[in-house]
């Protein structure tokens, strides 16, 4: 179950019910996982990145941002494993959660042995995906465009003044896809396929959200962008000079 001999997988439990949270934490800790917990997680994306979380057990019914909102936000920037914890009658919410990017779900009251199997299987898939991406990045390149650079190994975007910022995975994949085909119009379907390792739905707007974030980081005026242009009804195109 360990990533290597000394590093256990890190699991974050987001659950507002103390009894359920304690049960999950106790059971997973006994299995050798590194477990942290919280009753709400409006800052979930930041916490997952800072704590290098491998798997999130996420209750759908939370105070503040609900589990579905958190799933959508987290999936737009991270490939971390997500298992939703739902009530027995939340079938519609489970389906919506899977459409938004959750990997699996368990229903309360859950069988701890079943939960453990689902967690182990998902963590193996996450590990394999991470290793595949690491292999790709080891052979990847650095894009240069009009004083800017994007280092594919470290996902570092550096501006003409030399200030660097590490991009979230989703934004990096989107920008690198555009940089790989400058001057070509890429449809939302093509871009979604490039940034997601899992199924997505036609009403998923994460591409548009990430384009907006990238434009701000690149200093692009949304009303008259220089780098990332919108081809209305078709998709997006990178218009800068790439070397």
Problem set entry | Number of positions in the range 121-150 that are over 26 Å from residue 12 (Cβ atoms), in contact with a strand residue (DSSP E or B) (Cβ under 7 Å, 6 or more places away or on another chain) and at pLDDT below 90 | 1
Exercise. Within 18 Å of residue 115 (Cα to Cα) and modelled with pLDDT of 90 or more, is that true of residue 85?
Worked result: no
For this session: Please determine, by comparing only the residues of the range 66-97 that are in contact (Cβ under 8 Å) with a residue 60 or more places away in the chain and assigned to a helix (DSSP H, G or I), which one is farthest from residue 49 (Cα to Cα).
Result: 72
Problem set entry | Yes/no for residue 101 being modelled with pLDDT under 90 and at positive phi | yes
For this session: Would you confirm whether any residue within the range 111-120 is at pLDDT 75 or above, under 16 Å from residue 80 (Cβ atoms) and in contact with a strand residue (DSSP E or B) (Cβ under 7 Å, 6 or more places away or on another chain)?
Result: yes
Problem set entry | Any hit, the range 29-41, residues being surrounded by fewer than 21 Cβ atoms within 10 Å (Cβ to Cβ) and part of a helix (DSSP H, G or I) | yes
Exercise. If we scan the range 42-60, do we find a residue that is part of a loop (DSSP other than H, G, I, E, B), touching a residue at least 40 places away in the same chain (Cβ under 8 Å) and either over 14 Å from residue 11 (Cα atoms) or touching a helix residue (DSSP H, G or I) at 6+ places or on another chain (Cβ under 8 Å) (or both)?
Worked result: yes
For this session: Looking only at the range 162-183, count how many residues are over 13 Å from residue 217 (Cβ atoms), more than 17 Å from the chain's Cα centre (by Cα) and without any contact (Cβ under 8 Å) to a residue 40 or more places away in the chain.
Result: 2
Problem set entry | Candidate set from the range 151-191 (those that are in contact with a helix residue (DSSP H, G or I) (Cβ under 6 Å, 6 or more places away or on another chain) and not in a loop (DSSP other than H, G, I, E, B)); member that is modelled with the lowest pLDDT | 188
For this session: State which residue is surrounded by the fewest Cβ atoms within 10 Å (Cβ to Cβ) when the search covers only the range 4-28 and only residues that are over 17 Å from residue 66 (Cα atoms) and in contact with a strand residue (DSSP E or B) (Cβ under 6 Å, 6 or more places away or on another chain).
Result: 8
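The values are calculated or read from the model by the stated rules, or taken from the named source; none is laboratory data. Being a predicted model, the structure only gives us computed values, none of them experimental. Neighbour counts run over all protein chains shown; Cβ positions are idealised from the backbone, glycine included.
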